[in-house]
Each structure stands twice: as C-alpha cells, then as structure tokens.
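Just so it is clear, none of the values below were taken in a lab; they were calculated from the coordinates. What you see is a predicted model, and the numbers here were worked out from it, not measured in a lab. In this analysis, Cβ positions are derived from the backbone assuming ideal geometry, glycine residues included, and neighbour counts consider all displayed protein chains.
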Amino acid sequence: MQIRYYNKLWKQRNARGRKGEAALGDKWIDLSGKTVIVTGGSMGIGEAITADLRGCGARVAIFDMAPPKYEIKDTDTMFIKLDIRNKGDVEDAVRQVRERFGCIDALVNNAGVTRPRILVDYYKQRPQYELSEEDFDFMVGVNQKGTFTVTQAVTRVMFEKKDGVIIINDQRIDPITVVTGAAQYPENIIETLKKEHNVVAVDAMAEAKKLGNAKIFNTIIIGVAAKRMDFDKKQWLEVIENTVPPKTIELNKAAFEAGYALV
C-alpha cells in the first residue's frame, strides 16, 4: 500500500518540478512536533516521502550517502551522510537526531539497493554480469543489516518514551531453535512487557480469518494503530480507497474497521 502511494506521490512531485516541498501541496495529516527519520531520503521515493512529511509539519532527519538535490533551508530538516551498514555510525546518527530535535517519533526504512546480476554465466561469454560476492554482501548489507541496525538504534530510543504504545500481533511463530528443541519458547512475554509499558495485544490473524482472508491481517493492525493516533478515521479510509486494488477496497476497509474496534 505504502509503496504504491509514494510511487504516485513521487511522479506527481516530479511532474510539478517541485524540490523539497510537500508533493501534494496540502497538509493532509498534521505531524507538527513529530520527528521522523527517513533512510535513503535524498532521492527517489525517499525524497517524496521526506517532502510529504515536511509538508505535513514533521521534523525530518535524512540518512543517506548522497545529499538531497535541493538546498535545506529550514531548521526542521537535517541531513546526515550515513552508511547504514555501520552500526557505530548509525548509533551516532540517531544520537545527533535526538540531540537536535529532542525525540524520535517514527522511522521510515526506505533505503534499499540492487545490483541486477545473473547467478551463472551459462554460456561463459559475459562473466562480468555474474553476481559476485561483493555484490551480494553490498545488497545484504544495506537491505538487511542496514534495516536492522537503524531499527534497533531507533527502537531503543522509542522504548524510553513512557507515553508510547507497543502494539503486538499476538500470534505465536516458533523459531527454528524452538522447533528443533534447542530452546524453549519464552513464557509470559506480553505480561512482562505490560509491567513497564503500555501494551495493546491483539490476535490480528484470527480476526482476518473471521473476514475470510488471512492476507489482510496487516490492515487490521493498521486499524489498531489508527485508534491510538490523532488522525481522523475518515483520512485512513480515504487512503485505503486511493491505494489498494479496487477489488479489495471493501475487504481492506472492513479489516481496518475490525482493527479499529478492537481497542
């Protein structure tokens, strides 16, 4: 849903030739006072996300290897040149954001890379097009390790916010260590979290199955989260109508409403 929406947003912004401004023009959600980190926020979809967040009043920190194409003129936007594969540099960048803006409210893991290659040059005519170990390490480093390092560093900061809410999809998935008997599944996880945090636990998969489609459990979680946010429910439903495939609109709206009613 999000990728479809921001692809559209990016095309609109490019068509209008606007740099560093909200792609839709109007403040469709009020994010004033909120701080958002966007990885890979200098170009492409990340640039559109950054522009839209700023247009909605958010303070934005851009983590990217390349600087934005436009000049940053306001004090509510900051750029940090960062290789998200480096854990130490990521932790330092998160610290800088916190020192400047005082808090971190959201993270958009947008950064991603690809190097199109073939596994094996079967005809042995273009060996330069084979996937090398360096290519593989680069893509895994950014797309997987980088996402992990940034998410871990930001989550540590978010856990310190006592007014925050942890939303848990209470569905047990045994890791391989539990399946093989090498470890035991930890007991009372939710109860332990509730001792120090405001926790909302729902079985979104069970609710999705009630609606006849397990694939829409994510939309149910969005409904749960929306109930805890200062945005009008009508706005969420409009986004669903404008982004999901037409034949799934009513199902996704029903899933959202189901999640919204759970808390």
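Brief remarks on what is shown
- Taking other C-beta atoms within 10 Å as the exposure proxy, PHE63, PHE101, PHE136, PHE231 rank PHE136, PHE231, PHE101, PHE63 from fewest upward.
- Fewest-first ranking of TYR260, TYR122, TYR70, using other Cβ atoms within 10 Å as the exposure measure: TYR122, TYR70, TYR260
- Helical runs (DSSP H, four residues minimum) scored at -39500 (n - 2.57) apiece and divided by the length of the chain put the mean residue ellipticity at 222 nm at -13000 deg cm²/dmol.
- Packing-based exposure ordering (other Cβ within 10 Å, fewest first) of GLU133, GLU91: GLU133, GLU91
- With Cα atoms defining each centre, the stretch 111-147 and the stretch 41-97 are spaced 26 Å apart in the structure.
- Computed magnitude of the charge dipole of the chain (debye, nearest 20; Cβ of K, R +1, Cβ of D, E -1): 620 debye
- Overall Cα dimensions of the stretch 163-263, principal axis frame, Å, largest first: 46, 33, 19
- Taken about its Cα centre, the stretch 163-263 carries a charge dipole of about 260 debye when Lys and Arg each add +1 at the Cβ and Asp and Glu each add -1 at the Cβ.
- Potential lengthening between TYR129 and ARG228 on full extension [0.36 nm per residue; Cα-Cα distance subtracted]: 30.7 nm
- Calculated on the Cα set of the chain, radius of gyration then Dmax: 20.8, 63 Å.
- In terms of its C-alpha gyration tensor, the stretch 122-164 comes out prolate, because a/c is 1.5 or above and the ratio a/b outweighs b/c.
- Selection of trypsin sites (Lys or Arg not before Pro), the stretch 158-257, meeting DSSP coil and at most 10 other Cβ within 10 Å: LYS162, ARG172, LYS195
- Reach of LYS209 by Cα under 16 Å, taken over aspartates and glutamates that are not fewer than 8 positions away in the same chain: ASP170, GLU250, GLU257
- P(r) tail, the stretch 102-185: Cα-Cα pairs separated by more than 18 Å, 68% of all pairs.
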